[in-house]
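Here the structure comes first, spelled out in structure tokens, and everything after it is commentary.
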Amino acid sequence: MWGRNVYDSISKFLQFQLTVNVVAVIVAFTGACITQDSPLKAVQMLWVNLIMDTFASLALATEPPTEALLLRKPYGRNKPLISRTMMKNILGHAVYQLTLIFTLLFVGEELGHARCSAHRQLGC
């Protein structure tokens, strides 16, 4: 039971870490190429790394095993650590996060000005 729980926790940890790393690398590289300046400074990258490692380690260490783990078949020795479903989840979450981050990075200022203009017109 504990072995299956550890395996599941490591899988979740890897999925989280890979998603955040993919997003961070693409944002840093693409943002630097387009804006000629890195959107994430060194201190911000350190904060992202600190938060990412903290949440990942908490997720790895705090989920207790359940009896339901024993109801499923064990994984084989040749089963890949990153399954097809995990890869789909990683890419899906990365696309979502990249869409949100690039929208804020490239269009965020205009969205903020449009909102301020609307508030001024309403007398807020």
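Quick notes
- Spacing of the two label points (7 Å from each Cα toward its C-beta) at MET87 and ALA32, in nm: 2.7
- In percent, rounded to a whole number, the relative contact order of the chain is 42, using alpha-carbon pairs under 8 Å and six or more apart.
- Within a Gaussian network of the chain (alpha carbon springs, distance under 10 Å), most fluctuating of GLY92, GLY76, GLY31: GLY76
- Relative to the current alpha-carbon distance between TRP47 and ASP8, full extension at 0.36 nm per residue lengthens the span by 11.4 nm.
- Axis of helix 2-35 versus longest Cα principal axis of the chain: the two differ by about 20°, to the nearest ten degrees.
- Within the range 1-81: Cβ-based charge dipole about Cα centre, in debye rounded to nearest 20 (Lys, Arg +1; Asp, Glu -1): 380
- With q set to 0.18, 0.20 Å⁻¹, the log10 of I(q)/I(0) for the chain, from the Debye formula over equal scatterers at the Cα positions, is -1.03, -1.15.
- Stretching VAL25 away from LEU105 to a fully extended chain increases their span by 27.3 nm, per 0.36 nm per residue minus the current alpha-carbon distance.
- List LYS88, LYS41, ordered by accessible area with a 1.4 Å probe, largest first: LYS88, LYS41
- The alpha carbon centroids of the range 33-70 and the range 76-111 are separated by 14 Å.
- Under the Karplus curve 6.51 cos²θ - 1.76 cosθ + 1.60, θ = phi - 60°, whole-Hz ³J(HN,Hα) for the range 86-92, x wherever Gly or Pro sits: 4, 5, 4, 5, 4, 5, x
- With Cα atoms, 0 to 90° folded angle of helix 42-62 axis to the chain main axis: 30
The values are calculated or read from the model by the stated rules, or taken from the named source; none is laboratory data. Predicted model only: the values in this text are computed from it and were never measured. A quick note on method: Cβ atoms are made from the backbone with ideal geometry, for glycine too, and the neighbour counts reach across all protein chains shown. Just the protein is used for accessible areas: all its heavy atoms, side chains included, with ligands, DNA and RNA removed. Shrake-Rupley method; radii C 1.70, N 1.55, O 1.52, S 1.80 Å.
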